[in-house]
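Please find one structure pasted underneath; my questions will follow.
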Amino acid sequence: MIGKQTKGRGFRGALDYVLNPEKGILIGGNMDGKTPRELGKEFAESRMLNPDLQRPVYHVSLSLSPGEHADDFTWNEIADRYMQRMGFESSQYVVARHTDRDHEHIHIVASRIGLDGKTVSDSNDYYRSEQLIREIEKEFGLERVLSSHERDIEDQKKALSAGELHKALETGTPNVKMVLQNHIDVAATYNVTMTDFVKHLERQGVQVIPNMADNGRVSGLSYRIDGQNTVKGSKLGKAYTFNGLQKRGISYNLDRDRAAFALARAKAGVKLAVTKEPEKAPQPTPSHGIQQTVSQIQKAVVRDAAPTRGSGVRVRIHNQELDR
């Protein structure tokens, strides 16, 4: 099953689309209205509970693979389970079933503002949605379909060279790149923070070696398996680099993850790169004219070698004498 979610400003536009008679019909939800106009008025009531929220509309579509079928009762069970686990247990929502494509799918329009006045968190919602869909597939016996995000990851994997493939076939030993890609894919699926990601891979015998400065700035990642083979993330593909992992939903927070990254480098026997302070620009040498002026001023000030009364020193500047 594939899930696609968006957030919007206006309920009426989303309702007009999902309840278009040429596309499908309303099959469920927890609201009384039947038409876009009636439902729009109901959604307006919850919107007033938090009028400052810029994007109160949550719209998600859930699609089966071609050839799969679910009746309205099953679709409503799926929709209800999805909304509950995504945090919309106190929110209004409607479910529409569409039949305008070669694969069965539903659309859910919901309010991100619960009837208790609280806003449903969208923290890591794409990652949480993917995880939840995997659970629903198992619970309802549905075929797993790669999401567009997962297909992008497959496209970003670096394939084995002819030599690497020949060696793997000849020795019967899996290539290090393939083994690392598989381990990282699993770790990226089940972890949200870089700290958890590092710990998960360590349990699988894979060390993460961040290219990290002492100020916490990370410019790349390498991986070492079984304490021997070290491979840069870029050699595995864009999806395995530091930036690529963050796009897959693994977050890096300097205060939270810096210690884990520093420890990972220490375990790998790599010291932190020291960041250098910018060198100060050299002071310009005074020009000949300035030097000459300084020399004249120095000559104009003459100190008496002999001490005067008291503890001061008499100074003559040009023709005037001053006590200092």
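Which one of the conditions (1) open to solvent by 50 Å² or more (accessible area, probe 1.4 Å); (2) at pLDDT 85 or above; (3) out of contact with any Lys or Arg (no Cβ under 9 Å at 6 or more places or on another chain); (4) part of a helix (DSSP H, G or I) does GLU135 fail to meet, given that it meets all the rest?
(3) is the only condition that GLU135 fails.
So that you can scan it fast, the table gives a plain yes or no per residue for (1) among the small types (Gly, Ala, Ser); (2) modelled with pLDDT under 85; (3) under 23 Å from ARG256 (Cα atoms):
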position	(1), (2), (3)
VAL179	no, no, no
VAL192	no, yes, yes
LEU201	no, no, yes
VAL206	no, no, yes
VAL218	no, no, yes
SER222	yes, no, yes
ASN229	no, yes, no
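Tell me which of these SER65 doesn't satisfy, since it passes every other one: (1) modelled with pLDDT under 90; (2) under 24 Å from PRO36 (Cβ atoms).
(2)
Output the residues belonging to region 38-64 that are closer than 23 Å to THR99 by Cβ and surrounded by fewer than 15 Cβ atoms within 10 Å (Cβ to Cβ).
GLU38
Just to be sure, is ASP257 assigned to a helix (DSSP H, G or I), modelled with pLDDT of 90 or more, open to solvent by less than 50 Å² (accessible area, probe 1.4 Å) and under 26 Å from TYR126 (Cα atoms)?
Values: assigned to a helix (DSSP H, G or I): yes; modelled with pLDDT of 90 or more: yes; open to solvent by less than 50 Å² (accessible area, probe 1.4 Å): yes; under 26 Å from TYR126 (Cα atoms): yes.
Yes; evaluated as a whole, the condition is true for this residue.
Would you mind telling me which numbered condition in (1) under 16 Å from the mean Cα position of the chain (by Cα); (2) farther than 30 Å from GLU135 by Cβ ARG224 fails?
So ARG224 meets the others, but not (1).
The values are calculated or read from the model by the stated rules, or taken from the named source; none is laboratory data. This one's a predicted model, so the numbers in the text were calculated from it and none came from an experiment. Please note: Cβ atoms are built from the backbone with ideal geometry, for glycine as well, and neighbour counts cover all protein chains shown. The protein model used for the area step is the full one, side chains on, heavy atoms only, and it has no ligands, DNA or RNA in it. Shrake-Rupley method; radii C 1.70, N 1.55, O 1.52, S 1.80 Å.
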